[in-house]
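The values are calculated or read from the model by the stated rules, or taken from the named source; none is laboratory data. Just so we're clear, the structure is a prediction, and the values are computed from it rather than from any experiment. Glycine also receives a Cβ, built like all others from the backbone with ideal geometry; neighbour counts cover every protein chain displayed.
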Amino acid sequence: MSTPDSSAPARRRRPYAVLWLALILGATGTVALLLLLQNIATRKREAEQVVFKIVDLTENTIDPREWGKNFPRQYDGYIRTVDVERTRYGGSESVQHLDTRPVWKTIFDGYAFSIDYREERGHAYMLSDQRETERVLQRPQPGACLHCHGSVLGAYRAKGVEAGVPNDEAHRHEAVMKGFEVVCAMPYSEATKLVDHPVACVDCHDPGTMHVRVTRPGFLNGIAVLAASDAPVPHLPSIGRWRQGDRSKRYDPNMLASRQEMRSMTCGQCHVEYHFAGEGKLLTYPWKNGLRMDDEEKYYDEIGFSDWTHARSGAKVLKAQHPEFEMWSQGIHARSGVACADCHMAYKREGAIKISDHHVRSPMLNLARACQQCHNMPEEELAARVYAIQDRTRGLMDRSEAAVLDLILAIEAAKGAGATEEQLAAPRDLQRKAQWRLDWVSAENSMGFHADQEAARILGESLDFARQGQVLSVKLGAPVVISPPTVATTPGPAGQPPVKGR
Amino acid sequence: MGKFTTPAALLVALCVIAGALVGLSGFTFVYAKGGSYLSNDPAACNNCHIMRDQFDAWQKTSHHAYATCNDCHVPHDVLGKYMTKIDHGYRHSRGFTFQDFHEPIRITASSLSVVEHNCVRCHETAASEITMHALRPGDETNCVHCHAGAGHGASR
């Protein structure tokens, strides 16, 4: 009875319900379509305009914040070098190595590194870390140190002009090179007042063209000397081409090196072995005979250089700095044309824009982008391969540390037992060789990865020389003491690759 | 209210809305160069710039003169070709829109199988001695495991 009455309003309501549904569907569809359209438009815009110029950049623009206005994506990465992250064998945490591996207190005895040997932090801290280290505070250092811890170009140029080089664009390079000499000879405490920033954009980029460039006088001198030698450098083809020319002008990487070579040379400006030459404390890279550990040792032997006389053994020993560029030069990646930046500043994509990641860091924290571009395998496998190399290097280094320690104590004991200076000359020379080799691998920041076979070869030689020296010392009256290779223990959670988010 | 609820007016309104949607869709399709994806032009694969490395590297390889993207990356029967284009098109546009794919970009197992078949399609004579030994499923040879630079040379 009531059916006709109740169905009439329902029939009237149904068209409204359909209408409402159509409206909602239509609106939702339109919004989704517009979102998609907007997304596509954004990607297209990104692809069209990578740089939006806000400020004019010149050679005098040292402050990275100014550059960041034109290049916000690169700047975002650059400032993230403040991040403190740890890998199994390295990272950017300020660990005091003298506490974690006390053997180095003995190895560096009599040298500033026995006071303070902290792990370096990220690029952002390079200047403040140097101003704070006890090595600089307790032992006055020359201004030469500033070369690689501050953005020094402006200061060098100003000092060069002060020293008489004309202040115009044509003499800019000349002024920088002159200023470099002046600042090297200054006390560090004075020189450091000339700079305000750690490594900055202008140190590696031409402000007009953004081309990657090298600016550090120490590197420009060093690479020219290397080019003029006949040491094999198959991984730097532009040097090979220059050698075939008439050599009337010295090798200039900014003119001759390919972009891919420059992506390593910019890092090689500072991540190298060096010494301060003469009274002027001129920062000098020991590349006259080549880039290998042996070549650098030969150079130091030729000029009769030692960093210090060991406090306990009396040996004239060398301190290896951080020969990453040299070690990389001996490895398979360099031979395959892989640059530092390929792994340490891996390419990344933001929307439709591809940039090189200016958050310079260990590739172990960025395995996918750093390695998988060439190595098509899972991150776990890649990490395992790296750790296999690093664990083996660490194991060899443990043994080498123990052997060098035993040698130092044996020479000291032989001296105490009445051995003459003449008799001690041979074991001391062996300590110089053994310690240099150990330090060359230890101070190099890759735990052998940059050139694994070379690292093993060097540590093998170190062990041999150390035990040879110990045998000689025992003959001179030292007791036989053999330390276990676990003078210090291996840090890091075993089997736990410290892979962090991308 | 009465006049506007007549079926004719409703229909007009609906048609306007539907037309707007169709127009908007069409515009988006053209703006996104949708038509190019139906072609064989290699430039289409680089529309969104994700494939820039692969595109650049392809231009420098031996295969550049003989094969374009589609020669290796889609099957050569009509149905297979467009089914693969639908599959790739869906995955790529979803990935690029939501920006949530693995980087560096990785080829899927099904895409690799398409490539493998296309290697053999051209190099059948040379490869017959090799492929005849791999008849069990899952036991296929993988040409590009060794010939990784054949289609895309060194990308830098």
Practice task
With the checklist (1) without any contact (Cβ under 8 Å) to a residue 60 or more places away in the chain; (2) buried (at least 21 other Cβ atoms within 10 Å of the Cβ); (3) part of a helix (DSSP H, G or I) in hand, flag the one item A:Met327 doesn't pass.
Solution key: (1)
Practice task
Scan segment A:431-449 for residues that are over 30 Å from A:Pro363 (Cβ atoms) and crowded, with 24+ Cβ neighbours inside 10 Å and jot them down.
Solution key: A:Gln431, A:Ala434
Problem - Lone qualifier among A:Glu297, A:Glu261 - being more than 24 Å from A:Val183 (Cβ to Cβ) and either under 19 Å from the mean Cα position of the chain (by Cα) or surrounded by fewer than 18 Cβ atoms within 10 Å (Cβ to Cβ) (or both) - result: A:Glu261
Problem - Residue count for segment A:288-344, restricted to those that are within 14 Å of chain B (Cβ to nearest Cβ) and either of a type in the set (Gly, Ala, Ser) or at positive phi (or both) - result: 4
Handout entry: Matching residues, segment A:45-78, being surrounded by 14 or more Cβ atoms within 10 Å (Cβ to Cβ) and over 23 Å from A:Ser151 (Cα atoms)
Key = A:Glu46, A:Ala47
Exercise for the section: Kindly provide the set of residues from segment A:231-256 that are free of Cβ contacts under 8 Å to residues at least 12 places away in the same chain and either hydrophobic (A, V, I, L, M, F, W, C) or more than 19 Å from A:Gly337 (Cα to Cα) (or both), ordered by number. Expected result: A:Gln244, A:Gly245, A:Asp246, A:Ser248, A:Lys249, A:Met255
Exercise for the section: Output the residues belonging to segment A:415-427 that are part of a helix (DSSP H, G or I) and surrounded by fewer than 24 Cβ atoms within 10 Å (Cβ to Cβ). Expected result: A:Lys415, A:Gly416, A:Glu421, A:Glu422, A:Gln423, A:Leu424, A:Ala425, A:Ala426
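Conditions (1) within 14 Å of chain A (Cβ to nearest Cβ); (2) aliphatic (A, V, I, L, M); (3) surrounded by 12 or more Cβ atoms within 10 Å (Cβ to Cβ), marked per residue:
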{"site": "B:Gln54", "(1), (2), (3)": "yes, no, yes"}
{"site": "B:Thr61", "(1), (2), (3)": "no, no, yes"}
{"site": "B:Thr68", "(1), (2), (3)": "no, no, yes"}
{"site": "B:Asp71", "(1), (2), (3)": "no, no, yes"}
{"site": "B:His76", "(1), (2), (3)": "no, no, yes"}
{"site": "B:His102", "(1), (2), (3)": "yes, no, no"}
Exercise for the section: Consider A:Val202 carefully, then state whether it is closer than 27 Å to A:Glu279 by Cβ and assigned to a helix (DSSP H, G or I). Expected result: no
Handout entry: Residue under evaluation B:Asn47, criteria (1) away from chain A (no Cβ under 14 Å); (2) among the polar types (S, T, N, Q); (3) not in a helix (DSSP H, G or I), criterion not met
Key = (1)
Handout entry: Index of the failed condition, A:Arg361 passing every other in (1) more than 26 Å from A:Leu291 (Cβ to Cβ); (2) among the charged types (D, E, K, R); (3) in a loop (DSSP other than H, G, I, E, B)
Key = (1)
Practice task
Could you list, in sequence order, all residues of segment B:78-100 that are among the aromatic types (Phe, Trp, Tyr), under 20 Å from B:Asn40 (Cα atoms) and within 14 Å of chain A (Cβ to nearest Cβ)?
Solution key: B:Tyr90
Practice task
Could you grab me the full set of residues in segment B:14-36 that are part of a helix (DSSP H, G or I) and facing another protein chain (nearest Cβ under 9 Å)?
Solution key: B:Leu14, B:Ile17, B:Ala18, B:Ala20, B:Leu21, B:Leu24, B:Ser25, B:Phe27, B:Thr28, B:Tyr31
Practice task
Could you please tell me which pairs satisfy a Cβ distance under 6 Å, a separation of 6+ or placement on different chains, a first residue in segment A:38-63 that is within 11 Å of chain B (Cβ to nearest Cβ), and a second residue that is in a loop (DSSP other than H, G, I, E, B) and aliphatic (A, V, I, L, M)?
Solution key: A:Ile40/B:Ala32; A:Arg43/A:Ala352; A:Glu46/A:Ala352; A:Ala47/A:Ala352
Exercise for the section: Could you check, for segment A:160-176, whether at least one of its residues is part of a helix (DSSP H, G or I) and over 27 Å from A:Trp67 (Cα atoms)? Expected result: yes
Exercise for the section: Kindly indicate the residue of segment A:345-358 that is of a type in the set (A, V, I, L, M) and in a strand (DSSP E or B) and also nearest to the other protein chains (Cβ to nearest Cβ) among those meeting that condition. Expected result: A:Ile353
Practice task
Looking only at segment A:311-321, decide whether some residue is among the basic types (Lys, Arg), assigned to a loop (DSSP other than H, G, I, E, B) and under 30 Å from A:His375 (Cα atoms).
Solution key: no
Problem - Inter-residue pairs, beta-carbon under 6 Å, first under 25 Å from A:Glu422 (Cβ atoms) and in segment A:452-479, second among the polar types (S, T, N, Q) and surrounded by fewer than 18 Cβ atoms within 10 Å (Cβ to Cβ), 6+ apart - result: A:Leu476/A:Gln423
Completion exercise
The helices (runs of 4 or more DSSP H) lying entirely within segment A:208-298 that contain at least 1 residues which are among the β-branched types (Val, Ile, Thr), closer than 21 Å to A:Ile332 by Cβ and assigned by TED's automatic domain parsing to the domain that holds A:His149 are A:237-244
Exercise for the section: Hey, can you tell me all the residues within segment A:99-113 that are hydroxyl-bearing (Ser, Thr, Tyr) and modelled with pLDDT of 90 or more? Expected result: A:Thr106, A:Tyr111
Exercise for the section: Determine whether segment A:135-154 contains at least one residue that is at pLDDT below 90 and assigned to a strand (DSSP E or B). Expected result: no
Exercise for the section: Quick one: in segment A:368-392, of everything that is under 21 Å from A:Ala455 (Cβ atoms) and within 14 Å of chain B (Cβ to nearest Cβ), which residue is modelled with the lowest pLDDT? Expected result: A:His375
